[in-house]
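To keep things clear, I will list the structure first and then write my remarks on it.
Read-outs: derived from the displayed coordinates by stated rules, not from any lab. Because the structure is a prediction, the values reported are computed rather than measured. Cβ sites come from the backbone with ideal geometry, for glycine too, and all protein chains shown count toward neighbours.
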Ligand SMILES: [Zn+2]
């Protein structure tokens, strides 16, 4: 099922997500719907917050630009080795960044702010721990675009949007642009 995506400046995007207590069927259905919604919108990441579900769940499918994925997957039975298949869906439940370093500036966009892109500085190397869609713990080491995308999506769970990092002037211009296009 494709879910409606909240659009900036909707206040619900500012909601802080709650921890998932158990990865039950309800959560699994939500994850499935989130993947469907993300692929239907040609996105590379989607946080539950964006579909008005305020739980710590993120789905992602970032193209591998070579070495971005270093799946540690300590506790996964099927250890995937590089290169990954064309599609590499990743689901993070209750994600936690345990290590971060390096700085890099990337152009970012967001399904909640369609058609708008801006440069944001992020860590370019992170290690993240989370539960997968089956409730199993895994650890992922991520670089470059994948690392950027994870930080972007985790921000959503805190009610933070990438435009919050921009200057007040840029934020003002963006809001004016949105108001104008809403009228037309
Ligand atoms: Zn986003």
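Miscellaneous remarks
- Distance between the modelled labels on residue 22 and residue 134, one decimal in nanometres: 1.9 nm (7 Å Cα→Cβ projection).
- A crude spin-label estimate for the pair residue 121 and residue 42, with each label 7 Å from Cα along the Cβ direction, gives 3.2 nm.
- Overall form of the stretch 4-68 per C-alpha gyration tensor (a/c, 1.5; a/b vs b/c): oblate
- Of all the options 173, 56, 14, the one that moves most in a Gaussian network model of the chain with Cα springs shorter than 10 angstrom is 173.
- Taking the longest Cα principal axis of the chain as reference, the axis of helix 144-157 is set at about 70 degrees.
- Put a dot 7 Å past the Cα of residue 11, heading toward its Cβ, do the same for residue 164, and the two dots end up 1.6 nm apart.
- Computed from Cα positions, the angle between helix 168-183 and the longest principal axis of the chain comes to roughly 80 degrees.
- Mean ellipticity per residue at 222 nm, deg cm²/dmol - from DSSP H runs of n ≥ 4 across the chain, formula -39500 (n - 2.57): -8000 deg cm²/dmol
- Relative to the dominant Cα principal axis of the chain, helix 25-40 is inclined by about 60°.
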